[in-house]
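Worksheet: the structure to be examined is printed underneath.
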Amino acid sequence: MVTSSFDYFAPTTLDEATSLLSRYRGEAKVLAGGHSLIPMMKLRLAEPGILVDIGQIDGLSYIREDGDGVSIGSMTTYREMATSSVIQSRYPLLADASSKVADLQVRNRGTIGGSLAHSDPAGDIPAVVLAIGGSVVARTRRSSREIAIDRFQVDLLTTALHDNEIITEIKLPSLAAGTGTAYSKFHNPASHYAITGVAAVVTISGGVCTEARVAVTGAGDKATRARRTERILRGKELTPAVIRRAAERAAAEVEDTLNEDIHATAEYRVHMTQVHAVKAIEAAVAAAG
Amino acid sequence: MSTEITVTVNGTAHTASVEPRLLLAHFLRDVLDLTGTHIGCDTSQCGACTVHLNGEAVKSCTVFAVQANGSEVTTVEGLADGDSYSHVQQGFWDEHGLQCGFCTPGMIMTAEALLKQNPNPSEEEIRAGLAGNYCRCTGYQNIVNAIGAAAKAGR
């Protein structure tokens, strides 16, 4: 399969890259690892006239402990996150989810920034970052802004990014003591995309859940917080009965945009979301100690 | 618009003027005539097109040749040293890790990368490492045996 023709730029600095995006605003797409964009271009679902490859820019691939939290450069690959001792110890669900994206070859190329910017409805990373919280740093030629992750995913394959912005960094907050995390997904055996996936970050203090962030992917049009589930968890002792009752509401926020395709019906996706919500929350509670 | 690129493939630098949309797999096969790299599904799933880009296994059907500008690529043709096969190649020979052979170049390139990351994989780790490579003939048994034999030979 051959993509449409395009003009190609491989800038070596962010200033050059953002200048190109401004100059060709609306026509140009950013090429990061390419493992979402190139397949879409081969299917002619995307036909950008210009690609700005940010793979030649130094300094966009790092995992750094900054103050309280951790900053991840946008070109950091799944493999780098899966094997990072910082990610493994501070955000185990991000390391685990990264190790389960697609396969070894894809994990060598795909990036956290690309995954977030693409916002695939079945992507793993958008749900995981949503459950952790934090923000996306986006830069234009003239300025830089931080977009809270809760406002980042807007719609199917659509984010709050402007078409002259490049994601440079993802900032993750420090997790409170007593926080456990887990990601549980039911994947398509060929592509390893999530038919449904649930990310849970749960804080337990004095035997009671003081904070919970739960995010669902695969079921609806974008990664979405399961706020009803979170509300049931907060303030309670997380017994199996409470977890089950909370998980029953895990697909409530996506029920208007449920996916239905050759892989699973909408009804099945709802059920599997509930099943994996139980698994993710139970594992997060166990990890909270 | 054509772009001039220089890619070092199996130790030899090649300079060519290519269309930006030319995939690395097609650059290797059609421009350099290195037809050991196969194209199976063309949708980033089957892994037959796996090569090493700067030492890491990638699916060359999902990389534009221009992205490899200035990089080092190793294909299945670059593994043997004269008549002496790599451990993985010898493992596939000894354990008969193939039937039709179409997936074999990709299987071998993935296995080389897997053993570099993990020289002592368990059977389960070998199978997980092959998640991105499809074989439609063997049922994978002899492929897993071949990689196990290569790991043993490398110790």
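The values are calculated or read from the model by the stated rules, or taken from the named source; none is laboratory data. No experiment lies behind these values; they were computed from the predicted model shown. Neighbour counts run over all protein chains shown; Cβ positions are idealised from the backbone, glycine included. Calculation scope for accessible area: heavy atoms of the full protein, side chains included, ligands and nucleic acids excluded. Shrake-Rupley method; radii C 1.70, N 1.55, O 1.52, S 1.80 Å.
For A:T159, indicate whether it is modelled with pLDDT of 95 or more, surrounded by 14 or more Cβ atoms within 10 Å (Cβ to Cβ), among the hydroxyl-bearing types (S, T, Y) and more than 15 Å from the chain's Cα centre (by Cα).
When the stated conditions are applied, A:T159 does not pass them.
Scan region B:90-107 and give yes if some residue there is at pLDDT 95 or above and facing chain A (nearest Cβ under 10 Å), otherwise no.
Within region B:90-107 (the criterion being at pLDDT 95 or above and facing chain A (nearest Cβ under 10 Å)), the answer is yes, since at least one residue qualifies.
Do we find that B:V66 is open to solvent by less than 10 Å² (accessible area, probe 1.4 Å), more than 30 Å from B:E4 (Cβ to Cβ) and either of a type in the set (V, I, T) or more than 14 Å from chain A (Cβ to nearest Cβ) (or both) in this structure?
Here the answer is no, as B:V66 does not meet what is asked.
Scan region A:1-49 residue by residue and report those that are closer than 24 Å to A:Q105 by Cα, assigned to a helix (DSSP H, G or I) and in contact (Cβ under 8 Å) with a residue 12 or more places away in the chain.
A:L37, A:I38, A:M41, A:K42
So A:Q56 passes all but one of these: (1) under 22 Å from the mean Cα position of the chain (by Cα); (2) touching a residue at least 12 places away in the same chain (Cβ under 8 Å); (3) not in a strand (DSSP E or B). Which condition number does it fail?
(1)
Which of the residues spanning region A:66-86 are more than 19 Å from A:L161 (Cβ to Cβ) and in contact (Cβ under 8 Å) with a residue 24 or more places away in the chain?
Result: A:D66, A:D68, A:G69, A:V70, A:T77, A:Y78, A:R79, A:M81, A:A82.
Suppose we filter B:T110, B:T74, B:T138 for residues that are open to solvent by 20 Å² or more (accessible area, probe 1.4 Å), of a type in the set (V, I, T) and within 14 Å of chain A (Cβ to nearest Cβ); which single one remains?
Only one candidate qualifies: B:T74.
Scan the strands (runs of 3 or more DSSP E) fully inside region B:44-147 and keep the ones with 2 or more residues being β-branched (V, I, T).
Qualifying strands (runs of 3 or more DSSP E): B:50-53, B:72-74.
Table: residues versus (1) more than 9 Å from every other protein chain (Cβ to nearest Cβ); (2) touching a residue at least 12 places away in the same chain (Cβ under 8 Å); (3) within 14 Å of B:L79 (Cα to Cα).
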residue: B:N10; (1), (2), (3): yes, yes, yes
residue: B:V18; (1), (2), (3): yes, yes, no
residue: B:G36; (1), (2), (3): yes, yes, yes
residue: B:C46; (1), (2), (3): yes, yes, no
residue: B:T50; (1), (2), (3): no, yes, yes
residue: B:G55; (1), (2), (3): yes, yes, yes
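I'd like to know if region A:116-138 contains one or more residues that are away from chain B (no Cβ under 14 Å), assigned to a strand (DSSP E or B) and more than 27 Å from A:L233 (Cβ to Cβ).
yes
Residue by residue, here is whether (1) farther than 19 Å from A:I149 by Cα; (2) buried (at least 20 other Cβ atoms within 10 Å of the Cβ); (3) modelled with pLDDT of 95 or more; (4) touching a helix residue (DSSP H, G or I) at 6+ places or on another chain (Cβ under 8 Å) holds:
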{"residue": "A:R23", "(1), (2), (3), (4)": "yes, no, yes, no"}
{"residue": "A:L31", "(1), (2), (3), (4)": "yes, yes, yes, yes"}
{"residue": "A:V52", "(1), (2), (3), (4)": "yes, yes, yes, yes"}
{"residue": "A:S61", "(1), (2), (3), (4)": "yes, no, yes, yes"}
{"residue": "A:I72", "(1), (2), (3), (4)": "no, yes, yes, yes"}
{"residue": "A:T76", "(1), (2), (3), (4)": "no, yes, yes, yes"}
{"residue": "A:A95", "(1), (2), (3), (4)": "no, yes, yes, yes"}
{"residue": "A:V101", "(1), (2), (3), (4)": "yes, yes, yes, yes"}
{"residue": "A:N108", "(1), (2), (3), (4)": "yes, yes, yes, yes"}
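Can you pull out every residue in region B:121-155 that is more than 19 Å from A:D103 (Cα to Cα) and in contact with a helix residue (DSSP H, G or I) (Cβ under 7 Å, 6 or more places away or on another chain)?
If the condition is that a residue be more than 19 Å from A:D103 (Cα to Cα) and in contact with a helix residue (DSSP H, G or I) (Cβ under 7 Å, 6 or more places away or on another chain), then B:A146, B:G148, B:A149, B:A150, B:A151, B:A153, B:G154 are the ones that fit.
If the Cβ limit is 7 Å and pairs must be 6+ apart or interchain, which residue in region A:139-155 that is touching a residue at least 24 places away in the same chain (Cβ under 8 Å) and open to solvent by 90 Å² or more (accessible area, probe 1.4 Å) pairs with which residue that is assigned to a strand (DSSP E or B) and aliphatic (A, V, I, L, M)?
Hits for this filter: A:E146/A:V137.
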